[in-house]
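Q: The structure that follows is given in the form of structure tokens.
The values are calculated or read from the model by the stated rules, or taken from the named source; none is laboratory data. Everything numeric here is computed off the predicted structure, so don't read it as measured data. Cβ atoms come from the backbone with ideal geometry, glycine included; neighbour counts cover every protein chain shown.
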């Protein structure tokens, strides 16, 4: 498979998107290093080659940063994982911007209330960041927890979403 890769500027820094030949996002994140984004894709499904080109997802990311938080919802993603991971990644897309869940609440939403560590692992292994908004999950005490792209980016995304959801 040949993938398309594109890096755009955002208020949170460079944002790289890797999309398959159908335009589905395989991986994305706040980096200007294409290899870092590619390395988020499991080796067994990583594209054999990439070409630099405009991606449809880039328009959605730009719209998100311009204030249209729902723009990322229509972006198709392609992920490979266990049934629980796939269910978790789908569930992340249901979290309303500005209303983050705790890892405990996320595990319960998956029907696995005791699987809090698994819920955290699902977030950690999420390759198409932003389009599958794992940044919307927090520790049970409300602190940020981890984020593959850094806590400053997570804090910024959550603040942007909170401001938009409060009507500011």
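Q: Conditions: (1) in the same structural domain as residue 157 (by TED's automatic domain parsing); (2) at positive phi. Residue 23 meets all but one. Number of the miss?
A: The failed condition is (1).
Q: Filter the stretch 127-152 for residues that are under 19 Å from residue 165 (Cβ atoms) and out of contact with any strand residue (DSSP E or B) (no Cβ under 9 Å at 6 or more places or on another chain) and give the result.
A: Within the stretch 127-152, 133, 134, 135 meet the criteria.
Q: Could you say whether any residue in the stretch 67-76 is in contact with a strand residue (DSSP E or B) (Cβ under 7 Å, 6 or more places away or on another chain) and surrounded by 20 or more Cβ atoms within 10 Å (Cβ to Cβ)?
A: Checking the stretch 67-76: at least one residue is in contact with a strand residue (DSSP E or B) (Cβ under 7 Å, 6 or more places away or on another chain) and surrounded by 20 or more Cβ atoms within 10 Å (Cβ to Cβ).
Q: Under the condition of being in contact with a strand residue (DSSP E or B) (Cβ under 8 Å, 6 or more places away or on another chain) and not in a strand (DSSP E or B), which residue from the stretch 6-22 is surrounded by the most Cβ atoms within 10 Å (Cβ to Cβ)? Show your work before the answer.
A: First, the residues of the stretch 6-22 that are in contact with a strand residue (DSSP E or B) (Cβ under 8 Å, 6 or more places away or on another chain): 6-9, 14-21.
Going one step further and asking which of them are not in a strand (DSSP E or B), we end up with 20-21.
Working: 20: 18, 21: 10.
By that ranking, first place goes to 20.
Q: Need a quick list: helices (runs of 4 or more DSSP H) entirely within the stretch 39-149 having at least 2 residues that are outside the structural domain of residue 7 (by TED's automatic domain parsing). So that I can check it myself, show each step before the final result.
A: On the way: elements: 56-65, 83-92, 103-109, 116-124.
Per the criteria, 83-92, 103-109, 116-124.
Q: Pull up the stretch 24-41, narrow it to residues that are in contact (Cβ under 8 Å) with a residue 40 or more places away in the chain and either more than 16 Å from the chain's Cα centre (by Cα) or within 14 Å of residue 126 (Cα to Cα) (or both), then point me to the one that is surrounded by the most Cβ atoms within 10 Å (Cβ to Cβ). Spell out how you get there, then give the answer.
A: Initial filter on the stretch 24-41 (in contact (Cβ under 8 Å) with a residue 40 or more places away in the chain): 24-31, 40-41.
Pick out the ones that are also either more than 16 Å from the chain's Cα centre (by Cα) or within 14 Å of residue 126 (Cα to Cα) (or both) and you get 25-30, 40-41.
Details: 25: 28, 26: 27, 27: 28, 28: 31, 29: 24, 30: 23, 40: 20, 41: 20.
The extreme case among them is 28.
Q: Considering only the stretch 49-60, I want to know if a residue exists there that is more than 23 Å from residue 34 (Cβ to Cβ), surrounded by fewer than 18 Cβ atoms within 10 Å (Cβ to Cβ) and in contact (Cβ under 8 Å) with a residue 24 or more places away in the chain. Break it down stepwise before answering.
A: Within the stretch 49-60, the subset more than 23 Å from residue 34 (Cβ to Cβ) is none.
No, there is no match, as no residue in the stretch 49-60 is more than 23 Å from residue 34 (Cβ to Cβ), surrounded by fewer than 18 Cβ atoms within 10 Å (Cβ to Cβ) and in contact (Cβ under 8 Å) with a residue 24 or more places away in the chain.
Q: OK, next. What residue, among those in the stretch 104-118 that are crowded, with 19+ Cβ neighbours inside 10 Å and modelled with pLDDT of 95 or more, is farthest from residue 161 (Cα to Cα)?
A: For the stretch 104-118, the residue satisfying everything is 107.
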